[in-house]
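Here's the structure we're looking at; comments come further down.
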């Protein structure tokens, strides 16, 4: 059975021409995004991810290649056809991009006005959308009177005004505190489930990907290095770019002395809420240093990663590796 892809990016290239020469920003990008999924694109600053998402609705015109949305190649459309097609592709920005002289209600009404919707009908729909994003009591507030999270909720409501099939989200949580970030991500996940809207999330934070995405593409230096389910990429990253994003080294790691090897453990939720490391120390009869840990307990299961400094005794190391294998804990040796 053929997959139902709502977005297909094929052989896409983007080159910027400057006074100092040409800069290749995207090189031979191929991505297919399934209808109704939450798809993440992650990369470090300068990797090309924001340019890529802007090419998906042709805010940035590709140098070559095609962008097919719901069966239509956007690169082949006239300007008027493209404007109509963009109504089915909502976009949310890091900086909110709200009109400061308009209230929250009027900001949500703005795309409806452009689409020619009658004022009364537009305001009724805008109120419904503000209620959907949890801001029914803020319709008369101006952006300056709203918090960052509230501004982003208004921006989400505005993006939903024209009933889009796709929401493109460009670093929309990078300016928000952790608690607000969690609430915005929960809202996006809820909208995806209730409305069936396909969501593309651009970010440099793996925690955002882990929280809501079904699949993820790793972009590095203008290329797509890896695509897979979040679970696959998290457990067994194939590319150096993915490992760099996933396996940040703590500043404190270098403080550890001795010749013992470093071993990175990855907890993918398959482990129950048990003291794995304590059991390992007891059963293997040897101590290890924890050089770095970033784990969390979600519904009784462990997610995250941990870096251990192993003992120098190879026999003890073999006992530890055998224990980890028996517990089905993923691990890899660090250089």
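Points worth noting:
- Ordering 17, 223 from the fewest to the most neighbouring beta carbons within 10 Å gives 17, 223.
- Sorting the segments 277-287, 38-48 by their residues' average number of neighbouring beta-carbon atoms within 10 angstrom, most packed first, yields 38-48, 277-287.
- The protection proxy used here, the mean number of other Cβ atoms lying within 10 Å of each residue, ranks peptides 102-111, 317-326 as follows, highest first: 102-111, 317-326.
- The distance from the alpha carbon centre of region 303-329 to that of region 99-174 is 51 Å, rounded to a whole number.
- With Cα atoms, 0 to 90° folded angle of helix 178-195 axis to the chain main axis: 60
- Share of pairwise Cα separations in region 1-144, more than 17 Å, in percent: 69
- Of the beta bridges in the chain, as assigned by DSSP with both residues counted there, near 70 percent are antiparallel.
- Plainly put, the chain has a radius of gyration that is 1.05 times its Kirkwood radius, both from alpha-carbon atoms, as the Rg/Rh ratio.
- With R₀ set to 41 Å, the beta-carbon distance separating residue 239 from residue 118 gives a calculated FRET efficiency near 0.20.
- In the chain, the longest principal axis of the Cα atoms and the axis of helix 104-114 are about 60 degrees apart.
- Over the chain, Cα pairs under 8 Å with separation of 6+ residues give a relative contact order of 17 percent.
- The angle between the Cα long axis of helix 148-159 and the longest principal axis of the Cα atoms of the chain comes to about 50 degrees, rounded to the nearest 10.
FYI, it's all coordinate maths here, none of it is from the lab. This structure is a prediction, so every number in the text was calculated from the model and none was measured. For neighbour counting, all protein chains shown are included, and Cβ atoms are generated from backbone atoms with ideal geometry for every residue, glycine included.
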